[in-house]
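Readers should treat all values here as calculations from the given coordinates under stated rules, not as data from a laboratory. Here the structure is a predicted model, which is why all the values come from computation and not from measurement. We place every Cβ from the backbone using ideal geometry, glycine too, and count neighbours over all the protein chains shown.
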Protein chains: 2
Amino acid sequence: MKWCRFQTGQRVSYGLVEDDKSAESAVVIEVDGSPFAEHRITATRHSLGRIKLLPPIIPRVLYAAGPNYRGHLEGMAKRRGEPPRYPARPEPKLRSVNAIIGTDDDIVVPKECAGAVQPEGQLAVVIGKTARNVSREDALDYVVGYSIGNDISQRDWQRSDRTLFRAKNCDTFKPFGPWIATDLDPAKFRIIVRHNGTVWEDFSSGDQIWDTPTWIHEMSKTATLHPGDVLWMGTQGADGDMVPGDVIEVEISSIGVLRNRVVAQT
Amino acid sequence: MKWCRFQTGQRVSYGLVEDDKSAESAVVIEVDGSPFAEHRITATRHSLGRIKLLPPIIPRVLYAAGPNYRGHLEGMAKRRGEPPRYPARPEPKLRSVNAIIGTDDDIVVPKECAGAVQPEGQLAVVIGKTARNVSREDALDYVVGYSIGNDISQRDWQRSDRTLFRAKNCDTFKPFGPWIATDLDPAKFRIIVRHNGTVWEDFSSGDQIWDTPTWIHEMSKTATLHPGDVLWMGTQGADGDMVPGDVIEVEISSIGVLRNRVVAQT
């Protein structure tokens with residue numbers, strides 16, 4: 001199933017996406033309720049092309065599980081002219097939920113920076129049930145489904161600043177969507193990042209340094225994960241600059257495409 | 001005014017606290033709505049001692065403005081055996097809203113750590129209106145009021161880990177309350193931290209490296225602050241260990257007392 005959250009007029013609802021091979025044929029079946037609580041499928045149908053897709057959830061907490069791929073860790077170390085330092089255990093960072101936007105929303109390059117930002121295509125894991133102290137074996141039972149994140153970064157600030165506040169958490173820096181796909185294996189996704197149609201990254205979620213169950217198991221030892229909380233699982237490359245006018249797409253097999261345009265702050 | 005959020009039975013409401021000189025005399029007047037939206041004072045009154053105070057808000061984003069006092073920065077550097085490194089500009093970090101608890105709730109020391117945690121008494125600034133690109137002069141117009149935070153930390157993990165996930169964001173590590181006090185000057189608070197009744201810190205919010213309007217002005221250049229978002233303004237000292245059985249209090253003049261007991265994870 002593909003769960004989307006969408007707006008028609010002033011109303012926000014969840015829905016199930018069907019036949020999404022093309023925007024023309026795709027249909028959204030409106031649902032009363034949400035994937036995180038009781039829900040009921042209604043008789044109302046919308047053409048996907050005629051609704052506004054929203055981020056599938058605004059989580060209480062958005063975790064970022066980076067660095068979680070050797071390629072990204074080594075690429076970032078090279079940019080800094082340092083040897084790579086491999087993490088000893090899975091330790092997430094936090095991202096601002098205020099920076100979340102949906103698919104087709106614009107990524108705004110702040111006036112204060114040098115004019116470019118950088119993408120990080122990531123698998124997004126959406127928690128469906130309260131998880132505290134769960135075993136590695138049971139961890140995926142607490143996941144409702146998978147989506148796509150783009151952990152937009154401003155590398156100059158990432159180098160110069162003490163914290164990641166400006167480098168990672170400016171308004172619009174967290175594209176997330178287009179929907180949540182259920183009943184999939186998180187070790188088997190192919191993740192492709194396309195910049196103006198050119199492939200910048202093409203990697204497998206099987207190459208994570210720690211797999212998704214290990215992250216959930218380790219995190220839940222000290223922090224409860226709540227329904228709707230989201231973990232972004234890291235990226236492989238250390239990609240180039242995006243400037244206003246560019247289009248960035250993150251595609252994940254069996255999920256869909258998260259597409260955003262880059263614009264300048266006006 | 002003092003705005004509290006409280007629970008009676010299954011119901012959660014906001015209220016105004018009156019005559020809080022003693023728990024016996026204090027009264028809470030129930031309010032329909034919240035300080036962040038339209039509201040109406042009702043005729044319902046509760047004795048403060050007979051309701052359960054909740055954290056005054058669970059923000060979308062909880063920011064921590066540390067290091068923001070020279071004493072803390074120098075004390076922490078000394079613990080690490082390094083010279084202090086003064087920040088060049090105000091840069092917040094993020095804290096997990098899942099770790100927030102209210103006054104009188106227990107701080108739980110995780111099984112995984114060596115058995116002690118450390119307090120950081122902080123002024124909490126609660127945003128009341130959407131703030132984007134606001135001037136230093138206008139910044140306080142966007143604040144609805146002030147509360148108290150205790151940024152519980154686990155210093156071993158703060159030293160050993162790559163991120164602050166375990167050091168700062170375990171369940172129960174963010175006591176916040178008891179309520180939001182309005183119409184006060186954020187440069188004039190006296191902040192006292194008491195450990196089992198002994199004063200560990202006694203400092204003034206006037207000693208912040210950057211004052212509250214400067215933080216709001218600088219942050220709002222790249223990130224919108226939303227009603228209910230909360231900024232914790234840093235602490236002065238680098239205090240000692242708290243172990244199960246201890247009671248930690250943070251008192252801020254004209255606001256009140258945030259009091260929590262420390263317990264071991266069972």
Practice problem: Round to a whole angstrom and tell me the spacing of the C-alpha centers of the stretch A:111-186 and the stretch B:42-56. | Solution: 39 Å
Practice problem: Kindly give the distances from B:Ile58 to its copy-mates, label point to label point, with each label point 7 Å from Cα along Cα→Cβ, as nm values to one decimal ordered shortest first. | Solution: 1.4
Quiz item: What gaps in nm, shortest first, separate B:Ser253 from its twins in the other copies when you place the label 7 Å past Cα toward the beta carbon?
Solution: 6.5
Self-check item: Axis-proximal residue, chain A, for the rotation superposing A on B (Cβ, Å)
Solution: A:Leu94, 2
Quiz item: Per residue and in cubic angstrom, what volume does the convex hull of the Cα atoms of the protein assembly as shown have?
Solution: 158 Å³
Quiz item: To one decimal in nm, how far is B:Ser135 from the same spot in the other copies, if labels go 7 Å from Cα toward Cβ? Please give the shortest first.
Solution: 6.3
Quiz item: Each residue of the stretch B:165-171 in turn: what ³J(HN,Hα) in whole Hz from Karplus with 6.51, -1.76, 1.60 and θ = phi - 60°, glycine and Pro shown as x?
Solution: 3, 7, 5, 10, 10, 5, 3
Exercise. Using a Gaussian network model of chain B whose springs link C-alpha atoms within less than 10 Å, name the residue from B:Asp229, B:Asp19, B:Asp104 with the highest mean-square fluctuation.
Key: B:Asp19
Quiz item: Based only on Cα atoms, what Rg/Rh ratio does the stretch B:122-266 have, Rh being taken as Kirkwood's radius?
Solution: 0.98
Quiz item: Which cross-chain or sequence-distant (5 or more) residues have an amide H under 5 Å from the amide H of B:Ile148, H modelled 1.01 Å from N in plane?
Solution: B:Ala124, B:Gly177, B:Trp179
Quiz item: Hey, what D do you get for the stretch A:2-54 in µm²/s if you plug the Kirkwood alpha-carbon radius into Stokes-Einstein at 37 °C and 0.692 mPa s?
Solution: 299 µm²/s
Quiz prompt | Inter-label distance for B:His39 and A:Thr198, nm, one decimal - labels placed 7 Å from Cα along Cα-to-Cβ | solution = 5.5 nm
Quiz item: What are the ³J(HN,Hα) values, in whole Hz, obtained from phi via the Karplus relation 6.51 cos²θ - 1.76 cosθ + 1.60 with θ = phi - 60°, for each residue of the stretch B:72-84 in sequence order, with x given for Gly and Pro?
Solution: 5, 4, 6, x, 5, 5, 4, 4, 8, x, 10, x, x
Exercise. Give the total of Lys-Lys pairs in chain A with Cα-Cα distances below 20 Å; include a pair only if its members are 8 or more places apart or on different chains.
Key: 13
Practice problem: Among B:His226, B:His195, B:His46, determine the one that fluctuates most according to a GNM of chain B built with springs between C-alpha atoms less than 10 Å apart. | Solution: B:His46
Quiz item: Hey, what do the phi angles of the stretch B:112-128 turn into as Karplus ³J(HN,Hα) couplings, whole Hz, using 6.51/-1.76/1.60 and θ = phi - 60°, x for Gly and Pro?
Solution: 6, 9, 6, x, 10, 10, 10, x, 9, x, 9, 6, 10, 9, 9, 6, x
Self-check item: Charge dipole magnitude, Cβ of K and R +1, D and E -1 - the stretch A:45-152, Cα centre, debye nearest 20
Solution: 120 debye
Practice problem: Quick one: work out Rg over Rh on the C-alpha atoms of chain A, Rh as Kirkwood radius. | Solution: 0.95
